[in-house]
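Each remark here refers to the structure printed beneath this line.
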Amino acid sequence: MTKSPIGGNRSGRKLGQKVKKGKLKASSRRWLERHINDPYVQRAQLEGYRARAAFKLLEIDEKHKILSGARRIIDLGAAPGSWSQIAAKVTNSSDADPRVAAIDFLEMDPIPGVRFLQMDFLDPQAPEKLKEAIGGTPDLVLSDMAAPTTGHRQTDHLRTMHLCEVAAHFAVEVLAKGGHFLAKTFQGGTERDLLNMLKQNFRQVIHVKPASSRAESVEMFLLAKGFKGRDAAASEEAAEDAAAE
Ligand SMILES: C[S@@+](CC[C@H](N)C(=O)[O-])C[C@H]1O[C@@H](n2cnc3c(N)ncnc32)[C@H](O)[C@@H]1O
């Protein structure tokens with residue numbers, strides 16, 4: 001069970017630490033203070049995860065059970081790698097029998113059992129390369145991709161939404177029947193067309209915000225469970241078209 005670290009400090013490091021005023025800009029000092037005092041950051045260090053993001057996936061899984069039973073997992077926007085660490089563990093992935101493929105345009109230190117591609121997911125070659133790397137049909141596609149910030153809020157928002165949309169189409173192209181798709185999105189930002197497409201292809205589509213996703217952040221996750229399979233979705237679409245004619 002994932003216990004909320006809020007209120008407890010199991011790393012032995014004190015919370016409420018201040019960073020001395022010095023050469024840092026006030027905004028950088030505030031970021032650093034928030035980081036070192038964040039109980040999820042401390043717990044990630046203690047439990048050997050590369051990022052506090054690990055707890056977002058674990059908390060979502062605790063409620064929605066998407067990891068158990070996954071045999072192959074694709075992790076989009078994987079660096080520094082905490083979701084890939086979890087994916088490798090739950091799939092029993094090893095270098096001899098890899099069951100996790102991950103992509104990021106940033107470097108990522110190797111994780112046993114994870115085949116990592118350092119490239120842009122929006123590169124037209126990325127989908128094929130990921131399919132080759134996973135070496136079988138995935139039953140879970142994860143995307144924690146967020147576009148690098150430009151400082152212009154609306155542009156950042158639109159770029160991340162675009163990544164979510166491309167990831168969703170990729171998931172529908174590769175997932176095994178019954179598989180799941182989880183992707184980062186923004187509050188109020190999911191396009192109606194994207195939601196409709198997911199509802200057509202999955203049995204359940206919901207938005208989730210785990211406790212470890214900072215309350216002040218507009219970050220949300222879109223969870224699509226139970227992929228109907230490419231044939232089922234195509235025949236549903238044909239039936240809807242016929243009904244509309
Ligand atoms: C929030 S971080 C992911 C953290 C990760 N889930 C973990 O647990 O360590 C988002 C990542 O998405 C990556 N990213 C954003 N746009 C991308 C793109 N077009 N292609 C590949 N990676 C991308 C960023 O480089 C960044 O490393």
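Brief remarks on what is shown
- Of all residues in the stretch 135-161, those that are open to solvent by less than 80 Å² (accessible area, probe 1.4 Å) have Cβ atoms under 6 Å from Cβ atoms of residues that are among the polar types (S, T, N, Q), 6 or more apart or on another chain, in Ala146/Thr160; Ala147/Thr160; Asp156/Thr149; Asp156/Thr150.
- Those residues of the stretch 99-124 which are more than 7 Å from the ligand (Cβ to nearest atom), at negative phi and open to solvent by less than 30 Å² (accessible area, probe 1.4 Å), in sequence order: Val100, Ala101, Ala102, Met108, Ile111, Val114
- Enumerated strands (runs of 3 or more DSSP E) restricted to the stretch 41-124, each holding at least 3 residues that are aliphatic (A, V, I, L, M): 73-76, 100-104
- Residues of the stretch 26-69 satisfying the condition of being away from the ligand (no atom under 14 Å from the Cβ) and in contact with a Ser or Thr (Cβ under 6 Å, 6 or more places away or on another chain): Gln42, Leu46, Glu62
- Any pair with Cβ under 7 angstrom, 6 or more apart, that starts in the stretch 177-188 at a residue that is on the phi > 0 side of the Ramachandran plot and away from the ligand (no atom under 13 Å from the Cβ) and ends at one that is among the acidic types (Asp, Glu) and in a loop (DSSP other than H, G, I, E, B): Gly178/Asp139
- Looking across the stretch 228-237, the residues that are open to solvent by 60 Å² or more (accessible area, probe 1.4 Å) and at pLDDT below 75 come down to Ser235, Glu236, Glu237.
- Tally of residues being β-branched (Val, Ile, Thr) and either at pLDDT 75 or above or crowded, with 17+ Cβ neighbours inside 10 Å (or both) across the stretch 26-41: 1
- Test: Leu222 is under 28 Å from Phe55 (Cβ atoms), assigned to a helix (DSSP H, G or I) and open to solvent by less than 30 Å² (accessible area, probe 1.4 Å): no
- Annotation: of all residues in the stretch 125-168 being acidic (Asp, Glu) and closer than 18 Å to Leu57 by Cβ, the one that is farthest from the ligand (Cβ to nearest atom) is Asp139.
The values are calculated or read from the model by the stated rules, or taken from the named source; none is laboratory data. Everything quoted here is computed from the prediction, not taken from an experiment. Reconstructed Cβ throughout: ideal geometry from the backbone, glycine too, with neighbour counts over all protein chains shown. These area figures cover heavy atoms from the full protein model, side chains too; ligands, DNA and RNA do not enter into them. Shrake-Rupley method; radii C 1.70, N 1.55, O 1.52, S 1.80 Å.
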